[in-house]
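Below is one structure, written out as structure tokens; comments come after it.
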Ligand code: TYM
């Protein structure tokens, strides 16, 4: 039998877990988890990544736990996948240091996300912001990952990860598996409901711009009703119709129907009826998640037990890779 492929991905616990995160990444996490014969999945709350911007400690702790519960609520299963906290496995920070020494300042400075975040947080362009994709490379490479299910915005970081891994392998001998991105065909970039030319972002201060996967049904309906569209009235997927294209993409992703099929049905029915149908489809997709989430959050002890067990499994794998790296670069054994 062929060896199972290792799947790795992570999410930063800030703001709210959005429909964009869900459609762009987490649904694929689930899909791969269910193909047990083929994939071995590891998913992480990447809390260290969130430190590149200032967090309120009490809120940060609460958000991180809530995100973990939301991962379980969508159906990620600790019996099938390893689910853990990045900060609980110290090898992430240790490998980052080594990989920092294999990453050029020029490469890190060219990352779109670094440039965007530097523009947004002019008063706090810290070293962590620059080293952010190196920590992400460490996450992925520690587990000898084959596949990384992410949205399109992470593709550039994946390319850098591959470059760093190949550079290290060439300097020593094959040490890291070279990972591949796994990006959905529909929904790799869900856009903001208020500005459909921009990505839906979990830290957007405008509440109407994003849908959280645990928003109550009425809030979801209202947000979709208010979603910015255009001044035509034809429902079709076309260059320039950003708002409608986004809603069609969301509808298609949650219903499994093709965009053409949906456009055919709603083409001349007006935006109000179309938005209502999109809202209902999203509500139905998210309803069971919200219900499970509430039960999970009421049982902190269970959550902590699941986290601890995931941490231990992750630590065992990460330890193996890090000691291999230390040996190859010539550090004296402990
Ligand atoms: P993060 O926390 O911003 O987002 C988590 C995942 O959601 C995807 N995503 C989206 N997909 C479609 N439409 C959107 N509007 C949208 N917004 C976010 C992201 O592509 C991502 O897959 N650097 C990563 C976290 C990370 C990671 C890793 C990922 C750290 N280490 C190792 C994979 C492997 C990030 O900030 O994702």
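Quick note: the coordinates plus some simple rules give every number you see, no bench work behind them. Remember, predicted model here, so these are calculated numbers, not experimental data. Methodologically, a virtual Cβ is constructed for each residue, glycine included, from the backbone with ideal geometry; neighbour enumeration extends over all protein chains shown.
Among DSSP bridges having both ends in the chain, what percentage is antiparallel? Round to the nearest 5.
If we restrict to bridges inside the chain, about 10 percent are antiparallel.
Express the Stokes-Einstein translational diffusion coefficient of region 1-159 in µm² s⁻¹, to the nearest whole number, given a Kirkwood radius over alpha-carbon pairs, 4 °C and a viscosity of 1.567 mPa s.
79
Report, largest value first, the span of the C-alpha coordinates of region 1-64 along each principal axis, in whole Å.
Sorted from largest, the Cα extents of region 1-64 read 48, 22, 17 Å.
Could you check the spin-label model distance between residue 304 and residue 273? Points 7 Å from the Cα along Cα→Cβ, value in nm.
In this crude label model, residue 304 to residue 273 measures out at 5.5 nm.
Determine by what factor the alpha-carbon radius of gyration of region 207-295 differs from 2.2 N^0.38 Å, reporting the quotient.
Dividing the Cα radius of gyration by 2.2 N^0.38 Å gives 1.08.
For region 207-295, what relative contact order do you get, as a whole percent, if you take Cα pairs closer than 8 Å and at least 6 residues apart?
After rounding, I find 37 percent.
Taking Cα pairs under 8 Å and at least six residues apart, what relative contact order does the chain come out at, in percent?
Once normalised by length, the contact order is 22 percent.
Run the Debye formula on the Cα coordinates of region 167-323, all scatterers equal and no solvent, and tell me log10 I(q)/I(0) at q = 0.11, 0.15, 0.20 1/Å.
-0.62, -0.88, -1.22
So for each of 233-246, 74-87 I average, over its residues, the number of other beta carbons within 10 Å; can you give me the resulting order with the highest mean first?
74-87, 233-246
Evaluate the Debye formula for the chain with equal point scatterers sitting on the alpha carbons, no solvent, and hand back log10 of I(q)/I(0) at q = 0.09, 0.14 Å⁻¹, in q order, two decimals.
-0.50, -1.16
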